[in-house]
Structures are given as structure tokens and as C-alpha cells.
1. From the phi of every residue in the range 51-64, what ³J(HN,Hα) in whole Hz does the Karplus formula 6.51 cos²θ - 1.76 cosθ + 1.60 yield, where θ is phi - 60° and glycine or proline is x?
2. Need one number: nm distance between label points at Arg28 and Arg65, each 7 Å from Cα along Cα→Cβ, rounded to one decimal.
Amino acid sequence: MYHSLDRIVILRYLPRLTRPEHIVHFFRAVYGIYPLTKEALAKRTHGCPQWVEAFARDHRIQIPRPEKRVKEEN
């Protein structure tokens with residue numbers, strides 16, 4: 001299970017965005033976000049899981065869910 005979908009997408013599909021100056025340009029040009037703040041990035045990130053789930057639901061793609069593990073105490 002991946003917890004950082006944004007990182008996976010960037011490293012796999014948008015490798016040029018691994019440099020800070022490219023990230024700033026991308027968000028300014030594509031999303032109109034400037035200055036690029038922690039809050040602005042958090043806002044974009046929080047919507048990603050909902051988008052993925054909606055896409056999967058609309059296309060009838062099953063998303064595997066990890067089993068909940070119970071931590072064993074010694």
C-alpha cells in the first residue's frame with residue numbers, strides 16, 4: 001500500500017518535477033498557485049485520495065484495502 005501517491009506520480013510520470021525550481025514553475029503555470037506554501041501543497045494533496053476513489057468507483061476498479069493489523073504486545 002502506498003501512502004504517498006503524489007510522490008509516486010511525480011517520480012514515475014513527472015520526473016522533471018523532482019527539482020524545486022521546476023515544481024514552483026509547474027504550480028504557478030498549471031494551477032496558478034503562487035507563492036508555493038506548505039498550506040497550498042497540503043490543499044492539493046488532501047483532495048488526491050478522494051479523486052482516486054471516485055475515479056476507481058466510476059470505472060469499476062476495485063481498490064485493494066490492507067487488512068487492519070493488531071499490534072501484538074510482548
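1. Going residue by residue, I get 5, 4, 5, 5, 4, 4, 4, 5, 9, 6, 9, 7, 9, x Hz, with x marking Gly and Pro.
2. Reported label-point gap for Arg28 and Arg65 is 4.3 nm.
We did not get these values from a lab; they are worked out from the coordinates using the rules stated. If you're wondering where the values come from, they're calculated on a predicted model, not measured in any experiment. Cβ atoms come from the backbone with ideal geometry, glycine included; neighbour counts cover every protein chain shown.
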